[in-house]
1. Quick check on segment 244-259. Is at least one of its residues more than 21 Å from the chain's Cα centre (by Cα), buried (at least 16 other Cβ atoms within 10 Å of the Cβ), under 14 Å from residue 135 (Cβ atoms) and modelled with pLDDT of 95 or more?
2. Go through segment 202-221 residue by residue and tally those that are in a helix (DSSP H, G or I) and surrounded by fewer than 17 Cβ atoms within 10 Å (Cβ to Cβ).
3. Exactly one condition in (1) surrounded by 19 or more Cβ atoms within 10 Å (Cβ to Cβ); (2) not in a loop (DSSP other than H, G, I, E, B) is not met by residue 232; state its number.
4. Return a yes/no flag: does segment 107-118 have any residue that is small (Gly, Ala, Ser), surrounded by 23 or more Cβ atoms within 10 Å (Cβ to Cβ) and in contact with a Leu (Cβ under 8 Å, 6 or more places away or on another chain).
5. For segment 22-46, how many residues are assigned to a helix (DSSP H, G or I), buried (at least 21 other Cβ atoms within 10 Å of the Cβ) and modelled with pLDDT of 95 or more?
6. Within segment 130-151, track down each residue that is without any contact (Cβ under 8 Å) to a residue 60 or more places away in the chain and either among the hydrophobic types (A, V, I, L, M, F, W, C) or under 19 Å from residue 297 (Cα atoms) (or both).
7. Quick check: anything in segment 75-86 under 25 Å from residue 172 (Cα atoms) and more than 17 Å from the chain's Cα centre (by Cα)?
Amino acid sequence: MKLRLGTRRSPLAMAQAEEARDRLAAAHGIDPAHIEIVAVTASGDRIQDRALADIGGKALWTKELDAWLAAGEIDFAVHSAKDVETIRPDTFAICAVLPRADVRDVLIGADSIHALPPGAVVGTSAPRRAAQLLHARPDCSVITFRGNVATRLAKLAAGEADATFLAAAGLERLGQTGTGHPLAEDEWLPAPGQAAILIECRADDVRTLQILSAIDDAPSRAAVMAERALLASLGGNCHSPIAVLTRLEGDRIVLRGALFSPDGAEKVEGEIRFAKDDLDAPARLGADLLSRAVPAIAAHFDGPA
């Protein structure tokens, strides 16, 4: 068995690709050398001086790998689930979601949001993080921070901001646990898909679908697919501040979502409990959130795709 795994070239993406390779090799009892990692420099990695939402959105993380996958140059692509667009080509299938890691955000530069100094400057390019910060601390200001983990930490060390955020899962995968202060997930909600590794292959590639099914983690898939369904029902984009937390309770899913205005002044929040096979439940939560959203929030969501 020889397989070609496509990934972005960034250090975190490579770490995720290596995890996928090693899990797949272990599941099938093969040498990891039989799975070739093929790396590409994604547009989102090349362009780092502007916010993602201003230069093409999440497609900048996937378009090069999509082209390789469609052309048959790779057999499957490994992505951060939070970076994959909600609406994907019918020619691709999500063939596996790996066991999800720590979903929390980590604050670098202060012990907590409330411990930030008055008027603190915080670097982030994520509308969700910016809006949640400004909702909790309207005295703070936000500047755009883009780049990989090392780049953002270097910007912080250079004094460009007082604090920044990173994903706990990314730090863990890069061997940098102990950096910063994790924020309680029930008080500071994560991004949809955060901490999950998502694998796609061609929908008609039955062999690869079967091979990858061996490392598909059912609980993680259920949570990620519920969050993606909520996103689809909201019609958000990279400018839309949305935060989601999913808990699994036996055979039920608890999905909590919050929408913000970009300036953090407005927030609407809701929660729904449903059976794992109730595929319409996330859309019901989305409809409820939009029905209660003030115009400053609703203007950034288009509703069901």
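1. Looking for residues that are more than 21 Å from the chain's Cα centre (by Cα), buried (at least 16 other Cβ atoms within 10 Å of the Cβ), under 14 Å from residue 135 (Cβ atoms) and modelled with pLDDT of 95 or more, one finds none in segment 244-259, hence no.
2. 7
3. It fails just one condition, (1).
4. Looking through segment 107-118, none of the residues is small (Gly, Ala, Ser), surrounded by 23 or more Cβ atoms within 10 Å (Cβ to Cβ) and in contact with a Leu (Cβ under 8 Å, 6 or more places away or on another chain).
5. 1
6. 137, 140, 142, 143, 145
7. Checking segment 75-86: at least one residue is under 25 Å from residue 172 (Cα atoms) and more than 17 Å from the chain's Cα centre (by Cα).
Residue-by-condition table, conditions (1) in contact with a helix residue (DSSP H, G or I) (Cβ under 7 Å, 6 or more places away or on another chain); (2) assigned by TED's automatic domain parsing to the domain that holds residue 29; (3) closer than 21 Å to residue 88 by Cα:
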| position | (1), (2), (3) |
| --- | --- |
| 221 | no, no, yes |
| 236 | no, no, yes |
| 270 | yes, no, no |
| 273 | no, no, no |
| 281 | no, no, yes |
| 293 | no, no, no |
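The values are calculated or read from the model by the stated rules, or taken from the named source; none is laboratory data. All values reported here derive from a predicted model rather than from experimental measurement. As a convention, Cβ positions derive from the backbone with ideal geometry for all residues, glycine included, and neighbour counts pool all protein chains shown.
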